[in-house]
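First comes the structure, then the notes that go with it.
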Amino acid sequence: MHTALTAWRDAVRFMSLKDGSTMTEPVPEDLITHPEGIRGGFELRLGEKISLKGQGRITPAGIVSAGIITVAILVATAALARAAQR
């Protein structure tokens, strides 16, 4: 169970100063949020010693942009493949 102190400790970022020392600066949990943002995460365990964790967030506009760039890459690849056959 998270306490307020644990939550604050998890949200602290260490910043390096010019003299090599560090200082801490609290970071809000959600710096910039979008009202329609989509979040996801995963945890992958392989055996006892290997564990991978990941998380991400994307907006609907990001999904559309990813789709457009994917189509553009596929069209360009098809054009190159057709040109290579000639």
Review point. Taking the stated definitions as given, is GLU48 in contact with a helix residue (DSSP H, G or I) (Cβ under 8 Å, 6 or more places away or on another chain), part of a loop (DSSP other than H, G, I, E, B) and modelled with pLDDT under 90?
Key: no
Review point. Within segment 51-74, which residues are over 25 Å from PRO35 (Cα atoms) and in a helix (DSSP H, G or I)?
Key: THR70, VAL71, ALA72, ILE73, LEU74
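The values are calculated or read from the model by the stated rules, or taken from the named source; none is laboratory data. Treat the numbers as computed from the prediction; the structure is a model and nothing was measured. Please note: Cβ atoms are built from the backbone with ideal geometry, for glycine as well, and neighbour counts cover all protein chains shown.
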